[in-house]
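Participant: Here you go, one structure.
The values are calculated or read from the model by the stated rules, or taken from the named source; none is laboratory data. A quick note: this is a predicted structure, and the numbers were derived from the prediction, not measured. Backbone-built Cβ (ideal geometry, glycine too); neighbour counts: all protein chains shown.
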Amino acid sequence: MDVVYRPVKLINREVLDTFRCLPIAEKPDGTKLADKRLLGHDKDIVATATKNADVLSKAFQELAKAFAAGNRCRLIVPINSFSLASNEGATLIVQAMKELDKSLYAAVITELIEMPTSLNLDMLGDMTVPILPFFDKYLAEPRPISNKDDFTMYSNCNYFGVSLNMEAFNEGGDAAVGLLTEFWAEATKSRLKVVIQGVKDQAIVDKAQQYEVFALDGPIIGADKETLI
């Protein structure tokens, strides 16, 4: 599976030197779709982990090339939680992480995606353990925010923030702003930073700046790149 790199704007930085790694696939009409949901599981843990490990491996190779070329950047990489649901799956993910030189660990933020509906603190801790020897910045995409208890779990497991993917919802205009506001309020209660993804509208950018969210990305911020060099 090929990958692209989406520029991420940190609220306190003008330079776009953080990128989010996304798998990319060709749609039937020939256009390209870049979306972390392409890593969605199909009830086969090993197949999901194999696909996810391939994305990580390609992203880490690109990150190493970028640093070798003198480009200093940070990379957010997706890890499907179901990839870590068995020893076999977790081993594949760990093998991919071991491909990255230790000197580059600090340049990586992991984002756990597609959380199980029955998630609890012990499960989240078990998912996080394989990542601990490699990276120290963890981001998570919670299930829909009607399940608000999940937010506290992330802060209790030392996650620094949570992400909201606007592309996963059909809302626009005031409804989209309302969704962002509710998400931000719940995250703030749990002392978590907020990352907003897939932003297309200026109204979302304005509200995100008002709330001082940690970061945001999407077409309005910058186009996807095929390379970090």
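Participant: Of the conditions (1) touching a Lys or Arg at 6+ places or on another chain (Cβ under 9 Å); (2) modelled with pLDDT under 95, residue 203 satisfies every one except a single condition; which number is it?
Facilitator: (1)
Participant: Restricting the first residue to segment 50-78 and requiring it to be buried (at least 17 other Cβ atoms within 10 Å of the Cβ) and among the small types (Gly, Ala, Ser), which pairs with a second residue that is modelled with pLDDT of 95 or more and assigned to a strand (DSSP E or B) meet a Cβ separation below 7 Å and a spacing of at least six or different chains?
Facilitator: Cβ pairs passing all conditions: 59/3; 59/21; 59/75; 59/77.
Participant: Since residue 85 meets every condition but one in (1) surrounded by fewer than 18 Cβ atoms within 10 Å (Cβ to Cβ); (2) modelled with pLDDT of 90 or more; (3) over 20 Å from residue 108 (Cα atoms); (4) within 19 Å of the chain's Cα centre (by Cα), which condition does it not meet?
Facilitator: Here residue 85 clears every test but (1).
Participant: Next question. Might you let me know whether segment 211-229 holds any residue that is part of a helix (DSSP H, G or I), among the aliphatic types (A, V, I, L, M) and surrounded by fewer than 17 Cβ atoms within 10 Å (Cβ to Cβ)?
Facilitator: No, because not a single residue in segment 211-229 is part of a helix (DSSP H, G or I), among the aliphatic types (A, V, I, L, M) and surrounded by fewer than 17 Cβ atoms within 10 Å (Cβ to Cβ).
Conditions (1) touching a strand residue (DSSP E or B) at 6+ places or on another chain (Cβ under 6 Å); (2) aromatic (Phe, Trp, Tyr); (3) assigned to a helix (DSSP H, G or I), marked per residue:
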| position | (1), (2), (3) |
| --- | --- |
| 118 | no, no, no |
| 124 | no, no, yes |
| 135 | yes, yes, no |
| 143 | no, no, no |
| 150 | no, no, yes |
| 204 | no, no, yes |
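Participant: Could you grab me the full set of residues in segment 183-224 that are more than 21 Å from residue 19 (Cα to Cα) and either among the aliphatic types (A, V, I, L, M) or touching a residue at least 40 places away in the same chain (Cβ under 8 Å) (or both)?
Facilitator: 185, 186, 187, 203
Participant: Being over 12 Å from the mean Cα position of the chain (by Cα) and crowded, with 21+ Cβ neighbours inside 10 Å is the filter here, so list the residues in segment 156-165 that pass it.
Facilitator: Hit for segment 156-165 is 159, nothing else.
Participant: Here is a further query. Residue 119 is checked against (1) at pLDDT 95 or above; (2) within 23 Å of residue 48 (Cα to Cα) and fails just one. What number does that condition carry?
Facilitator: Residue 119 satisfies all of (1) at pLDDT 95 or above; (2) within 23 Å of residue 48 (Cα to Cα) except (1).
Participant: Oh, and also: Among residues belonging to segment 29-49 that are among the charged types (D, E, K, R) and assigned to a helix (DSSP H, G or I), point out the one that is modelled with the lowest pLDDT.
Facilitator: Checked segment 29-49; the qualifying residue modelled with the lowest pLDDT is 37.
Participant: Kindly establish whether residue 175 is assigned to a helix (DSSP H, G or I), surrounded by fewer than 13 Cβ atoms within 10 Å (Cβ to Cβ) and either among the aromatic types (Phe, Trp, Tyr) or modelled with pLDDT under 95 (or both). So that I can check it myself, show each step before the final result.
Facilitator: Details: assigned to a helix (DSSP H, G or I): yes; surrounded by fewer than 13 Cβ atoms within 10 Å (Cβ to Cβ): yes; either among the aromatic types (Phe, Trp, Tyr) or modelled with pLDDT under 95 (or both): yes.
Considered against the rule, which asks whether it is assigned to a helix (DSSP H, G or I), surrounded by fewer than 13 Cβ atoms within 10 Å (Cβ to Cβ) and either among the aromatic types (Phe, Trp, Tyr) or modelled with pLDDT under 95 (or both), residue 175 comes out as yes.
Participant: Sort out which residues of segment 50-81 are among the basic types (Lys, Arg) and either outside any helix (DSSP H, G or I) or under 20 Å from residue 127 (Cβ atoms) (or both), and write them in order of number. Spell out the reasoning first.
Facilitator: Filtering segment 50-81 for residues among the basic types (Lys, Arg) gives 51, 58, 65, 72, 74.
Within segment 50-81, 51, 72, 74 meet the criteria.
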